[in-house]
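Colleague: Pasting a structure here, questions to come.
The values are calculated or read from the model by the stated rules, or taken from the named source; none is laboratory data. Bear in mind that the values here come from a model prediction, so they are computed numbers and not experimental data. We place every Cβ from the backbone using ideal geometry, glycine too, and count neighbours over all the protein chains shown. Surface accessibility is based on the protein's heavy atoms, side chains included, excluding ligands, DNA and RNA. Shrake-Rupley method; radii C 1.70, N 1.55, O 1.52, S 1.80 Å.
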Amino acid sequence: ANLGLRAADLPDVLLDGVGTLLVSGYALFDPHVRDAVVDLARRARDRGAAVAVDPASVGFLSDVGPSVFLAWLDAMGGVDLLLPNRAEAALLAGEGSDPEAWAEVLRRRARTVVVKLGADGAVVATAAGTVAVPPAVATAVVDPTGAGDAFAAGFLAARSAGADPVAAARAGAVLGARAVGWPGARPPDGAGADAGRGAGRAAG
């Protein structure tokens, strides 16, 4: 179904009321799907929405090469938020030896960069500077599947509610921790809420 996606499947009405469009890197590796998603991103931007991208897979990034992937971001008309994990940030930045350096390099491509560091928290880079967000108290990691997506969901929800990027990263860490505390990519509603409060060590 994903590989069958075309621009005709993404009419303008889907963008009504959208404040931020989040694009998974997985949607960019097939040329037909990529054309549809890049077009959607450009239309979203024309409507005043922000565009966020989670690279999603260092394996795919390695296959296509960082320069090609970054050119796809440029084709969208620019990216407001980039959400790589540690491995993806290192590959895309291509220079520097630590997350802060990678985030600063990638800031040339996005207004805000959040590097997800799993048990080490996150790094947030904006025009105001680069800030390390420490991990919260961790619970036992049952399954890391979906932690990065949960982090993105928490971050974007907090931002849409008016939080600054650093506070939003803390919120993302909380949801990431909830995700790793349960098997599968989606914990039950309310599951682990107490344990996940501020518990983002394994998120991303």
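Colleague: Using alpha-carbon positions, what is the distance between the centroids of the range 82-126 and the range 15-40, in Å?
Modeller: If we compute the Cα centre of each part, the gap is 21 Å.
Colleague: Defining a contact as two alpha carbons under 8 Å apart and six or more residues distant in sequence, what relative contact order in percent does the chain show?
Modeller: Working: 431 pairs, mean separation 31.1, N = 204.
Relative contact order comes out at 15 percent.
Colleague: I need to check one value: relative contact order of the range 1-83, counting alpha carbon pairs closer than 8 Å and at least 6 residues apart, in percent.
Modeller: On the way: 103 pairs, mean separation 27.0, N = 83.
After rounding, I find 32 percent.
Colleague: Would you tally the net charge around Val79, using a Cβ to Cβ cut-off of less than 13 Å, leaving Val79 out, and scoring K and R as +1, D and E as -1?
Modeller: Around Val79, the charge tally is +3.
Colleague: Per residue, how large is the accessible surface of the chain? Use a 1.4 angstrom probe and give square angstrom.
Modeller: In whole numbers, the chain has 47 Å² accessible per residue.
Colleague: So what are the range 91-149's ellipsoid semi-axes, whole angstrom, largest first, if each one is the square root of 5 times an eigenvalue of the alpha-carbon gyration tensor?
Modeller: Output for the range 91-149: semi-axes of 23, 12, 10 Å.
Colleague: Looking at the chain only, what percent of DSSP beta bridges run antiparallel? Nearest 5 please. Present the calculation step by step, with values, prior to reporting the outcome.
Modeller: Working: 9 of 20 bridges.
Around 45 percent of the beta bridges assigned by DSSP in the chain are antiparallel ones.
Colleague: Loop only per DSSP, at most 16 neighbouring Cβ atoms within 10 Å: give me the GluC sites (Glu not before Pro) in the range 71-142, ordered by residue number.
Modeller: Details: sites: Glu88, Glu95, Glu100, Glu104; in loops: Glu95.
Those satisfying the criteria are Glu95.
Colleague: Could I ask something else about it? Leaving out ligands, DNA and RNA, what percent of the accessible area of the range 48-119 is carbon and sulfur, probe 1.4 Å? Each step should come with its number before you reach the end.
Modeller: Numbers: 1370 of 2650 Å².
C and S atoms contribute 51 percent here.
Colleague: How big is the range 59-98 by Rg and Dmax over its Cα atoms, in Å?
Modeller: Radius of gyration, then largest Cα-Cα span, for the range 59-98: 10.3, 29 Å.
Colleague: What base-10 log of the normalised intensity I(q)/I(0) is obtained for the chain from the Debye formula, alpha carbons as equal point scatterers, at q = 0.10, 0.13, 0.16 Å⁻¹?
Modeller: Per q value, in the given order, log10 I(q)/I(0) is -0.40, -0.69, -1.04.
Colleague: Can you give me the span-like helices of the chain, meaning DSSP H runs with 18 Å or more of Cα extent along the axis and Kyte-Doolittle mean at or above -1.0? Intermediate results must be reported in sequence, preceding the final value.
Modeller: Working: long enough: 31-46 (22 Å, -0.72); 147-160 (20 Å, 0.76); 165-180 (22 Å, 1.10).
Taking the DSSP H segments of the chain (at least 18 Å long, mean hydropathy at least -1.0), we get 31-46, 147-160, 165-180.
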